[in-house]
1. Those residues that are assigned to a helix (DSSP H, G or I), crowded, with 16+ Cβ neighbours inside 10 Å and among the hydrophobic types (A, V, I, L, M, F, W, C), I need them from the range 11-46; list them, please.
2. Provide a single number: the residues in the range 75-114 that are of a type in the set (Gly, Ala, Ser), surrounded by fewer than 18 Cβ atoms within 10 Å (Cβ to Cβ) and under 20 Å from Asp16 (Cβ atoms).
3. If you go through the range 4-37 one residue at a time, how many are out of contact with any strand residue (DSSP E or B) (no Cβ under 8 Å at 6 or more places or on another chain), of a type outside the set (A, V, I, L, M) and modelled with pLDDT of 85 or more?
Amino acid sequence: MKETKTQNPKSLSMNDLVEIIYETATGCYGVVGICDKDIGNKKATSLEKEKAKKGIQIEGSLEKGFSVSIFVILSSEVKISESIRECQKSIKYVANKKTGHKCSKVNVYAMAII
């Protein structure tokens, strides 16, 4: 895992937090990409970093604590439950470490397996 550096909490925006979560999730074993939470019957496609906000939901505030929901595309070559669990742990750890604020919960939803 990359070394994490705590950012100044006063200068941290929700967009910064989305970027931190995106980078962490896409670096997890078995995660192929982040997809839109509202894919419906369409084929899931991986979102680029600039559009990651469509696949990452943050509830709460940095000051009072926040929770994360992320919608991922997983590889079919890995054990799904293990990939999701490791993704949850990594996101929570890195979000707490880099922001200096409490991430209370991380929900990872496997929207597609390829």
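The values are calculated or read from the model by the stated rules, or taken from the named source; none is laboratory data. What you see is a predicted model; the values in this text were computed from it and never measured. Methodologically, a virtual Cβ is constructed for each residue, glycine included, from the backbone with ideal geometry; neighbour enumeration extends over all protein chains shown.
1. Correct list: Leu17, Val18, Ile20, Ile21, Ala25.
2. 2
3. Qualifying residue count, the range 4-37: 9.
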